[in-house]
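What follows is a short report on a single structure.
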Amino acid sequence: MKRIISIFKRDVVVATRDFVLLYIIVAPILLALLLSVFAPDVADSSAIFVYDESLKETEINKLEEIGHVIKLNDKDEIITRVNDSDDVYGLIKNKDNYEIILEGNEAGNIEGLMKLVVSYLNSDKDNWLIYKISSIDFKLPPVVSIGTTSLIITSIILGGMIIGLNIVEDKEFSTINALNTSPLGKIEYILGKSVLGIILPIIHTPIVLKIMGLEGLKLTQLGFIVLVSSLFTIFYGLMIGTISSNQLSAIASAKGMMFVLAGSILGAIALKESLHYLLYWSPLYWIYQAIYKIVAGISTWRYLWISSGAIILITMILFGVLNKYQKKYNTL
Amino acid sequence: MNKFLSLLDKEFKLTIRNYYLFIVLAIALILILVIRFVVPSEINMEKSLYLYPNKEAVKTLEDTNYQNLENKSTVFSSKEEVIKAMEKDYNSLGLILKSNNGEAGFELITQGYENDDIINMAIVDIQSYLGRIEFDDSSQVTILREGSSLENIPLNLNVVPLAIMLESALMGLFLISVMLILEKDHKTIKAFVTTPTNVTLLLGAKLITMLLYSFLSAILIVVFTVGVNVNWVNTLILIGLTSIWSSCLGLTIANLYKSLTSAMMPLIIVSLLLGAPVVSYFAPMFAPTYLKIMPTYSLMLGLKEALFVSGSNTMFLEAAKFSIFLVIIFSASTIMTKKFATGKQ
C-alpha cells in the first residue's frame, strides 16, 4: 500500500508542475460551465420565421405561437437573411396570396412544413377539436441529460488518458526500467498510476451536477457506477500505456480507441432500443446507459447491477487480452 | 530551398518511423468503414407518436386524414400503455383520442421538457390530420438556390464533412504539438538551433508535412465514401487552409508548454470548442452567434457545399475568407512564440 501511495504522490507532484493538475481538474468543470450556458439555448430552439409588413398582426401572433419571429423591412432583407448559413424561413403576403421563401438546402421537408404553417394562419381555431395538454413530467431536456452524462464520461476517459500518458512518459524516460529493480510489483505500479485517474471522475461528478443544476439525483447510485467505471478507466490507461512506446503513438492509440468508444455512445443515443444489443460488447455503452438513467431519474438498482456486471465482465476480458499482449511483447 | 526540402524529408521519415502514416491510414480506414457500414443511411429524428384511439372518436374521423396519422404512430390499447412507452423514449409524444358527446377530442401528452412553440406546432399538425385545418397548397414557393437541396443525401454520407473536418483538417492541432514537444523533450530542437537552418523553416516543414497528411486522409475518406464527383478544388483548399491554421495553433500551444501532459488540456479544450458547431450541423435552426463565429462552423458548411452541391460557392467563400484570416493570425502567433520552442524564455 505504501508503495502504491508513493507512486501516486509522485504523479501528483509531477502533475502540479506546469499547472497540469489544475488543468486536469478544471477542464471538465469549464466544459460543464459552457454546457450550462449552451443547453438552455438548445432547449429553447424552434423554427425561425422572418416576415415583413405584409403580414397582419393576427398572423404574426399566430406565428409567435409556433416559433420565433423576426421582422424585416422588405423582401430583399428577407432574402438576404434566408440566404444566411442557418435555417430560417421567409413568409410574406402578396395581395391575398402567401409567398414562402426558402434557401433550398434546409434539412427535412420544410416546404411541406411551411405550407402547413400557411394553412394554420388561414384556419379558424373555433373549428378546432377540443384538446387538452398534459405531460409525464420529464422536465430534463435531452441536451442536458445527454450532455451531463457525456461530461461525466469525458472525465472517466480523461482519467484513463492521464494514466496512459504517465505510463508512456515513464517508458520513454526509462523510469519503468529503474522501477523494475525496486521491490515495486507490476500490479502495485499500475494501481499507483491509476489512483489519480480514478479520483478525477469522483471529484468532477458532483461539481458537474451542481453546475448543471441537477439536484435530487440518486448520488449513491451515481457514486457506485463511477467507482465501477474506474475499472474501465484503468483498462483504458493501461491499454494506452502498454501498446504505445512514445507519446505520439499514445495520442494516436487514444484517438483510435476514441472512435470506437464514441461510436458506442452515439449508437446508444441514436439507435432504437431494439438494436442496442449491437452495442453490448462495449463497456462504455453500459457506463453511458447507467449514468444516463441516473441523470434522467429513471434508474433502478436492478439495472445498475446488470450494467455493473457487464462493465466488470467485459473489462476483465479486455484486461486478459491486454495481459497476453504485454507478456508476448514485453511492453511494460 | 534545399534546406527546406531536406527538413521536409526528415519530417516525413520521422512520422513514418513513428508509425504516423500507418495511424493516418488506419483512422481513415476506420472512418470509411464506420460511415459505409455502421452509420445508417436514414434515421428518423422526428418525435415518435404513441397513440391510443377511442373507437367512437375514430368513427367520427372517417373523412379526415386520421388513417395517415395512425399509420405513422404506434398504437396502444390504453393510456397507461402510452405513458409507459413514452417513459422509455424521451423523443416521443402521446396522443389519446377521446369522444366528447359524439365529437372527437384529444389529449396530447408531452414529455415535459418541450417548449411552447414545439407543443403548439404539434397541436397544429394533429388538428390538420384530424381535418380541422384545411391544407392550403396555393402558396407561392420561392427557392433562392435551386439545386442546393440536400434532402436526398443519406445520413451516413452527410457525416463525411464532419469526419474530414474533425479528423483530416484538424489533425495538425494535436499531432504537430506532440511532435514538437517530443523534440523539445529529446533536446533535438536545441541541437537544431546550432545548425545554419532556422527554426521557422523547421516549423514550416512540420506544417507542410501535416498538410500533406491532411490531404491524404481527406482524399481517402471522400473517395471511398462520397466518390470522386465532388468539387475537389474547393474541398482541398478548405482542408489545406484549415490544416495550416490548426497546425499553427497547435504549434503556438506546444511552444508555450514544456511537456505533453501540460499541453494536453489546452489542446483538448480547444478541440472541444472547435467541435461545438457540430450541434448546428444536425440542428440548423440552432445557430447562435457564439457558434457562428467559430471557424469550424463555416468550414463544415463549406465542406458540405463542396461535397454535395454543384455550382454553388457561397459557403466555400465564407469559409475560405475566415480560414485565410486565421492562417495569418496563427502564423504570426507561431513565429512570435517560436523562441519558446528553443527554450529561450
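The values are calculated or read from the model by the stated rules, or taken from the named source; none is laboratory data. Just so it is clear, the model here is predicted, and its values are computed rather than measured. Here Cβ is always computed from backbone atoms with ideal geometry, including for glycine, and neighbour counts include all displayed protein chains. In case anyone asks, the SASA skips ligands and DNA or RNA and just uses the protein heavy atoms, side chains included. Shrake-Rupley method; radii C 1.70, N 1.55, O 1.52, S 1.80 Å.
Among the residues making up region B:108-157, those that are more than 7 Å from chain A (Cβ to nearest Cβ), farther than 20 Å from B:Gln67 by Cα and not aliphatic (A, V, I, L, M) are B:Glu114, B:Asp116, B:Gly147, B:Glu151, B:Asn152, B:Pro154, B:Asn156. Inspection of region A:269-280 identifies at least one residue that is farther than 15 Å from A:Ile156 by Cα and at pLDDT 90 or above. Of the residues examined, B:Gly240 is not one that is assigned to a helix (DSSP H, G or I) and closer than 30 Å to A:Ala270 by Cα. For region A:230-237, the condition of being away from chain B (no Cβ under 14 Å), open to solvent by 10 Å² or more (accessible area, probe 1.4 Å) and among the polar types (S, T, N, Q) holds for at least one residue. The set of residues in region A:23-53 being more than 10 Å from every other protein chain (Cβ to nearest Cβ), more than 15 Å from the chain's Cα centre (by Cα) and open to solvent by less than 40 Å² (accessible area, probe 1.4 Å) consists of A:Phe49, A:Val50, A:Tyr51, A:Asp52. Residue count for region A:302-311, restricted to those that are over 23 Å from the mean Cα position of the chain (by Cα) and surrounded by 19 or more Cβ atoms within 10 Å (Cβ to Cβ): 0. Taking region B:124-155 as the range and being open to solvent by less than 30 Å² (accessible area, probe 1.4 Å) and modelled with pLDDT under 85 as the test, the residues that pass are B:Ser148, B:Leu150. The numbered conditions (1) within 28 Å of B:Tyr290 (Cβ to Cβ); (2) surrounded by fewer than 17 Cβ atoms within 10 Å (Cβ to Cβ); (3) more than 7 Å from chain B (Cβ to nearest Cβ) are all true for A:Ile78 except (2). All conditions in (1) surrounded by 15 or more Cβ atoms within 10 Å (Cβ to Cβ); (2) free of Cβ contacts under 8 Å to residues at least 24 places away in the same chain; (3) of a type outside the set (Gly, Ala, Ser) hold for B:Leu182, with the sole exception of (2).
Helices (runs of 4 or more DSSP H) fully within region B:1-108 that include at least 3 residues being at pLDDT 85 or above and surrounded by 15 or more Cβ atoms within 10 Å (Cβ to Cβ): B:20-33, B:66-72, B:79-88.
Beta carbons closer than 8 Å, at least 6 apart along the sequence or on distinct chains, pair a first residue in region B:3-28 that is more than 10 Å from every other protein chain (Cβ to nearest Cβ) with a second that is open to solvent by 70 Å² or more (accessible area, probe 1.4 Å) for B:Lys3/B:Pro196. Every residue in region B:293-334 that is without any contact (Cβ under 8 Å) to a residue 24 or more places away in the chain, over 13 Å from the mean Cα position of the chain (by Cα) and closer than 26 Å to A:Val37 by Cα, please. Of everything in region B:293-334, just one residue is without any contact (Cβ under 8 Å) to a residue 24 or more places away in the chain, over 13 Å from the mean Cα position of the chain (by Cα) and closer than 26 Å to A:Val37 by Cα, namely B:Ile293. Scanning region B:280-323 for residues that are at the interface with chain A (Cβ under 10 Å from one of its Cβ atoms), of a type in the set (A, V, I, L, M, F, W, C) and outside any helix (DSSP H, G or I) yields a total of 5.
Okay, residues lined up against (1) more than 24 Å from A:Ser249 (Cβ to Cβ); (2) open to solvent by 20 Å² or more (accessible area, probe 1.4 Å); (3) in contact with a Pro (Cβ under 6 Å, 6 or more places away or on another chain):
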{"position": "A:Glu169", "(1), (2), (3)": "no, yes, no"}
{"position": "A:Lys186", "(1), (2), (3)": "no, yes, no"}
{"position": "A:Tyr189", "(1), (2), (3)": "no, no, no"}
{"position": "A:Gly192", "(1), (2), (3)": "no, no, no"}
{"position": "A:Gly197", "(1), (2), (3)": "no, no, no"}
{"position": "A:Thr205", "(1), (2), (3)": "yes, no, no"}
{"position": "A:Ile211", "(1), (2), (3)": "yes, yes, no"}
{"position": "A:Gly223", "(1), (2), (3)": "yes, yes, no"}
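Residues that are in a helix (DSSP H, G or I), of a type in the set (S, T, N, Q) and open to solvent by less than 10 Å² (accessible area, probe 1.4 Å) within region A:261-295 comprise just one, A:Ser264. In the condition set (1) part of a helix (DSSP H, G or I); (2) open to solvent by less than 20 Å² (accessible area, probe 1.4 Å), A:Ile314 is compliant with all but (2).
The number of residues in region B:317-345 being at pLDDT 85 or above and buried (at least 23 other Cβ atoms within 10 Å of the Cβ) comes to 2.
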